[in-house]
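Visitor: Got a structure for you, questions after.
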Amino acid sequence: MTENTEATGGPERRVRVVLVDDHRMFRTGVQAEIGRTEETGVEVVGEAADVDQAVTVITATRPEVVLLDVHLPGGGGVEVLRRCAPLMSAAEDPVRFLALSVSDAAEDVIGVIRGGARGYVTKTITGTDLVDSVFRVQEGDAVFSPRLAGFVLDAFASTDAPPVDEDLDRLTQREREVLRLIARGYAYKEIAKQLFISVKTVESHVSAVLRKLQLSNRHELTRWATARRLV
Amino acid sequence: MPAATARAASSLTADPEEPPQRKLYRSADGRMLGGVARGLAGHLGLPVAWVRFVFLGLFFTDGLGALLYAVFWIVVPLGVGGVEAPRSVFETAADGRRKLRKPDRGQVFALVALTFGAVAFVANVDMGSEADRYIWPTLLIGAGSVLVWRQADNARRARWMEVGRNRKLLHLARGFAGVALVGLGLAVFLVVRGSAAQLGNVLTAAIAVLTGIFLLAGPYLVRMTQDLSEERLMRIRAQERAEVAAHVHDSVLHTLTLIQRNADDGGEVRRLARAQERELRNWLYNPEGTGKDEDDEPETLAEAVKRAAAEVEDKHGVPLEVVVVGDCPLDEKLSAQMQAAREAMVNAAKYGGEGGAVQVFAEVEGRTVFVSVRDRGPGFDLDEVPGDRMGVRESIIGRMQRNGGSARLRSVPGGGTEVELEMERASE
C-alpha cells in the first residue's frame, strides 16, 4: 500500500501510544518500527505484557491509543477492554484501542471489536500502515483490515435471512458496499474515489458499521458463529 | 451449623461468577471418613476440630449430623488429589504447616470422640424389644455402606496417582468387607423378620436385595457421573497437547531447519516462512484441523479459493491475502471460475507482486459468486498486450464467457490491476 505517503505525517501530528503484547520481541519490534517519534509522530509512553500490567499502565499514562494484542495472559485483550471501559467512554481524552494480533480467527476479531476496540489489524501490517491506523484511531475513526471487513460482511450476511426488527442489526446497502471494497483491499481514499463520495463519508460509514457490530444483538452473532463452527 | 451450610451453599451457587478458587471440595488429605469436615474447614477457613465438633454435636440431635455428613459426602466431589485444588483451599489459613503434623493427633482425638458419640447414641436409643432388633442390622448396613462409599473415593483417587499392587489388594479387601457387612446386616434383618408371614418375607427380601444393590452400586454411579466430564476434559487436553507437539515437530521445526540452511536466500526463506505460517494458521484456527490431507479435491468454493491462493503464493513467493465471504459447493461453472481466478492470481503475483500483497476476495451472494483479484503493481493496458499472449484473453475472459459468466479487467497504469469475475451458480 504505497500511496499512503501523507499518512506518515510529520512531527506536527503527535500521538501517545501504549503497547500491550506478551511478546517482548514483538513490542521491541513495533517500538523500533513506529516509535521513532521524530519521523512518525508516534510516542510510545508505556508497555505491558499482561492484563493487570496493561490496566495499570493505561490508567497511569492515559495514552490516546493502545495497541492491544488479543491473546494475553490474564484474560486476553477482551479483559483489558472490559476493565478499561470507563477510560474509553471518558468525555475528555478518551483512550482508544486498536487490536493488533497475529490471529485472524473470526471469534477473536469479533470479540475485541465488540469489546470496544476501534479497529483490528493483523501483525503482518507494515510500519507505515500501522502508523496510519494509529492516527486514524486517534481521530476517532475505525480501522478495518480486509479480513475484518470480510468477517463483518459474513456476520451480517447470514443474519439477513430472518427479518430483524432492529435497524441496528442491519447494514445499509452503502455500508455493505464500503465494507466489500475494504475486503477487496481498497484503501479508504480509493473507496471514496470509486463510490464518488468523500473520504470522511467512507470513514463515517465504517464507524457506523463498528457501532452496529457492538450493538447488534448477541443472539444473532452467537448463532452465526456456531453455524460456521467458529466457537 | 445451618449458618455454615448456608454459607457453603451460597458460595457454591456463587461460583460461576468468580474464579473457582473457593470451590468446595472434600479433602483427600488427612481425612477420617469422607473428608467432609476437613474440606468444609478449609473452605470456611475454620479449624477442622470445630467443624468436627459441630458435626458431632448435631449427631446427638437425632443423628442429624450423620445425615448431613452423608449428604455432603455424596454431593461434594473429592478434591483433586493433593495437586492443586486442595492446596489452594488450605492456603487460606496457616493450615499448610499444621497439616503436616496434626493429622495423627487429630485423628486419634476424633476417633475417640466418635466412639464416645456412638456409645452415647446406642445408650440413647430406646432399647425396647421391637426397635432393638433392627438397630444392629441397621448399624451393620450403615458401616458396610460407609466402607464401600469410601472405597469409591479411593478408587477415584487411585486414578490420579498410580497405586501399587498391594494397595490395590487392600482396596479389594475393603470393598469385600463392605459388601459382607451390608450382606450380613441384610441377612440379620431378614432373620429378625423371619417370624412374620411368608408374603411379608418375600417382599422384605426383594426390597432388601434392591436396597443392597442400590447401596453398593450407588457410590460408584454417583462418582462416575461426577468423574465423567472431568476425565473427558483431561483426555481431550492430553490428546490435544500430543497433537500440537507432533504437529510442531514435523512441520515447524522442519521448516525452521530449512530456513537456517537457506539463510542467505532471502526469497526462499520468505517462501518457506509464508508456507509454514499459512499451514500453521490453518491448523490452529480451522475447526477440523484441515490442511492435513491436501490430496483430495476441494469441495467448496472457500476451500478452492484458499487452495489456489496458497499454491500461487508458494510458487511465486508473493503473499496473497484471501478474504472469503459465504461459501457454497463447487459445481462445474464455479470450477471454471476458479481456474480463471487462479490464472488472475498468477498474473497478479507475476507482474504486480512487488507492489505488496495481492488481495483476493470471493463472495457468495445468493446465486452469484463474485471473485476479485487485485494487485498494486504497475498495471497495464489490455489493448497493448500483444495478440499472441493468451493469458488474460483466453484463460480469464474467454473461459468465463464460455461458461456463462463475465470478467472485467480494470487496470490503471501505476495504480494496480483488478480482475473481477462473476458467475451464476448452476441451479440444483
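Visitor: Give the residues of region B:331-356 that are in a loop (DSSP other than H, G, I, E, B) and buried (at least 22 other Cβ atoms within 10 Å of the Cβ), sorted by residue number.
Guide: Narrowing region B:331-356 to residues in a loop (DSSP other than H, G, I, E, B): B:331, B:356.
Across region B:331-356, there are no qualifying residues.
Visitor: Open to solvent by 10 Å² or more (accessible area, probe 1.4 Å), in contact with a Gly (Cβ under 8 Å, 6 or more places away or on another chain) and modelled with pLDDT of 70 or more: does that describe A:Phe151?
Guide: Working: open to solvent by 10 Å² or more (accessible area, probe 1.4 Å): yes; in contact with a Gly (Cβ under 8 Å, 6 or more places away or on another chain): no; modelled with pLDDT of 70 or more: yes.
So A:Phe151 does not fit the description; no.
Visitor: Determine whether region B:218-231 contains at least one residue that is at pLDDT below 85, more than 19 Å from B:Ala143 (Cβ to Cβ) and of a type in the set (Lys, Arg).
Guide: Yes, region B:218-231 contains at least one residue that is at pLDDT below 85, more than 19 Å from B:Ala143 (Cβ to Cβ) and of a type in the set (Lys, Arg).
Visitor: Report every pair of residues separated by at least 6 positions or lying on different chains whose Cβ atoms are under 8 Å apart, first residue within region B:347-358 and within 13 Å of chain A (Cβ to nearest Cβ), second of a type in the set (Lys, Arg).
Guide: Partner pairs satisfying both residue conditions: B:Ala348/B:Arg374; B:Gly352/B:Arg376; B:Gly355/B:Arg376; B:Gly356/B:Arg376; B:Val358/B:Arg374.
Visitor: Ok, one more. Tell me which of these B:Val36 doesn't satisfy, since it passes every other one: (1) open to solvent by less than 10 Å² (accessible area, probe 1.4 Å); (2) at pLDDT below 75.
Guide: It is condition (2) that B:Val36 fails.
Visitor: Sort through A:Ala90, A:Ala106, A:Ala117 and tell me the only one that's free of Cβ contacts under 8 Å to residues at least 24 places away in the same chain and of a type in the set (A, V, I, L, M).
Guide: Values: A:Ala106 fails: free of Cβ contacts under 8 Å to residues at least 24 places away in the same chain; A:Ala117 fails: free of Cβ contacts under 8 Å to residues at least 24 places away in the same chain.
On inspection, the qualifying residue turns out to be A:Ala90.
Visitor: Also, quick follow-up: If a residue must be of a type outside the set (D, E, K, R) and at pLDDT 80 or above, how many such residues does region A:157-194 contain?
Guide: Quick first cut of region A:157-194, residues of a type outside the set (D, E, K, R) only: A:157-159, A:161-164, A:168, A:171-173, A:178-179, A:181-183, A:185-188, A:191-192, A:194.
Filter once more, so that each one left must be at pLDDT 80 or above: A:172-173, A:178-179, A:181-183, A:185-188, A:191-192, A:194.
Total satisfying the criteria: 14.
The values are calculated or read from the model by the stated rules, or taken from the named source; none is laboratory data. Worth saying up front: this structure is predicted, and the values here are computed from it rather than measured. Glycine gets a Cβ as well: all are built from the backbone with ideal geometry, and neighbour counts include every protein chain shown. When the accessible area is computed, the model is the full protein with side chains, heavy atoms only, and any ligands, DNA or RNA have been set aside. Shrake-Rupley method; radii C 1.70, N 1.55, O 1.52, S 1.80 Å.
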